[in-house]
Each structure stands twice: as structure tokens, then as C-alpha cells.
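Here is the structure we will look at.
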Amino acid sequence: MQDALLAYFNGEKNSGLLLTGLGVIGIAAAALFSQPRWGLRSFAVTLAIFALVEIALGIGLYVRTGPQVTGLLAQLGSDAARFFSDEGARMARVQRNFVVVQYVEVAVITIGAIVAVAQKGRFWHSGIALGFVINAALLLAFDLVAERRGAGYVAAIEARGRVH
């Protein structure tokens, strides 16, 4: 079980780094698109706001993962039955939340694309919409991978939890 736990949380930690990296790239893209001659300032501002959120989320995920793993490993060693019960319930919520978040991301992508096309003559509106589309698509990909990684961890918890 320890191997499954470490594999899952190492993936989480790496995802935090990836999300932070995407945020840094977003800041660079925002700087590039903020040039007045391109008329994409609203797009750049939207990219920058999302990039800052992604950096904060990525750093938060990275920083909190180590202590979380330490606590879970201690609980697994001292009270395995409680670990399987508590962690199984927590991960079931996490997996359910991924589904909800993914549908929201798909809705944002769809609505954003419609607004971008319908408002293409109003650059401020279409730029904001495009910023939402790009970031929602990136986050959807990120969340789909995280959900798949979580499913493997849940399967390990359920398989071992039945033994205890």
C-alpha cells in the first residue's frame, strides 16, 4: 500500500510543479500578448490572472504534499484500519469532485468559444473569452490526468482495505 500511496502523491507533487510551470508560461504569454499593437490586452490580462492562480495552486499542491504523505504514512503504520476508512472516504470525495469540476471546465470551454466567436468584433470580450477557453482546456487536461492517477490509488485503498 505504501508504494501506491507514494506513487499517487509523487504524481501530485509533480503536478504541482507542472501547474506552476504552466503558470510561469502563462505569465510570459501574457507579457507577449499585452503589446498594444496586437490589440490583445484583454486576452493578456485574462492569461495573467489565470497564470497567477495556477502558480499559487501549483505551489500550494507541491508544498502541502510532503507533510500530507508523512501524516498518512504514520497513520498507515499506526492505525491501518482508520487509514483505509478515512483515506478511502477522502479519495471518494476527491474523485467525485473531479467529475463536477471537469463538467464545469467543459462548460467554460464551450461558452467561452461561443462568446469568442459571437463577439469577435468586440476585442475586449473575445479576448477574455479566449483566455478562459485556453485555461479551462489546460485545467481539464490536468484534471483528467489527476483523476486517472487518483483512480489507481483508490483501487489500491479498496483492495487493501478489504483485507483489513
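The values are calculated or read from the model by the stated rules, or taken from the named source; none is laboratory data. No experiment lies behind these values; they were computed from the predicted model shown. So basically every Cβ, Gly included, is an ideal-geometry build from the backbone, and we count neighbours across all protein chains shown.
A compact table of results
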item	result
Count of residues meeting criterion [more than 30 Å from ILE157 (Cβ to Cβ) and either charged (D, E, K, R) or part of a loop (DSSP other than H, G, I, E, B) (or both)] in segment 1-44	6
Pick from segment 58-89, criterion among the charged types (D, E, K, R) and surrounded by fewer than 13 Cβ atoms within 10 Å (Cβ to Cβ), ranking: farthest from LEU19 (Cα to Cα)	ASP79
Residue ID - surrounded by the most Cβ atoms within 10 Å (Cβ to Cβ), chosen from residues in segment 9-38 that are touching a residue at least 60 places away in the same chain (Cβ under 8 Å) and over 22 Å from TRP124 (Cα atoms)	LEU19
Test: LEU130 is loosely packed, with under 13 Cβ neighbours inside 10 Å and farther than 27 Å from GLU12 by Cβ	no
Candidates ASN97, ASN135 - the one that is crowded, with 20+ Cβ neighbours inside 10 Å, part of a helix (DSSP H, G or I) and out of contact with any His (no Cβ under 8 Å at 6 or more places or on another chain)	ASN135
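Condition check ((1) at pLDDT below 95; (2) under 19 Å from the mean Cα position of the chain (by Cα); (3) closer than 23 Å to PHE43 by Cα; (4) not in a helix (DSSP H, G or I)) across all residues:
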{"position": "LEU72", "(1), (2), (3), (4)": "no, no, no, no"}
{"position": "GLY77", "(1), (2), (3), (4)": "yes, no, no, no"}
{"position": "SER85", "(1), (2), (3), (4)": "yes, no, no, no"}
{"position": "VAL108", "(1), (2), (3), (4)": "no, yes, yes, no"}
{"position": "ILE111", "(1), (2), (3), (4)": "no, no, yes, no"}
{"position": "LEU140", "(1), (2), (3), (4)": "no, yes, yes, no"}
{"position": "ALA159", "(1), (2), (3), (4)": "yes, no, no, no"}
